[in-house]
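J.: Have a look at the structure that comes next, please.
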């Protein structure tokens, strides 16, 4: 059962990541490519564009929470 919950958590995390990249590419192609290739840029984008990044951020956070619950 914990394995299934863990997989669900990973899927939620991946969906949040995809939504985050979509938001970054909608802002500009440079932001999208930078977020895709350079990890620290994700944090900068999240801080600078919180209004569009908060939903994907919280979705990823929920996925991480589900994964942590599955691991305990």
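J.: State which residue is modelled with the highest pLDDT when the search covers only the range 50-72 and only residues that are over 22 Å from residue 28 (Cα atoms) and exposed (fewer than 12 other Cβ atoms within 10 Å of the Cβ).
T.: Looking at the filtered set, the residue picked out is 68.
J.: Could you look through the range 23-41, keep only residues that are touching a residue at least 12 places away in the same chain (Cβ under 8 Å) and loosely packed, with under 15 Cβ neighbours inside 10 Å, and pick out the one that is farthest from residue 67 (Cα to Cα)?
T.: Result: 26.
The values are calculated or read from the model by the stated rules, or taken from the named source; none is laboratory data. Keep in mind it's a predicted model, so treat the numbers as computed, not measured. In this analysis, Cβ positions are derived from the backbone assuming ideal geometry, glycine residues included, and neighbour counts consider all displayed protein chains.
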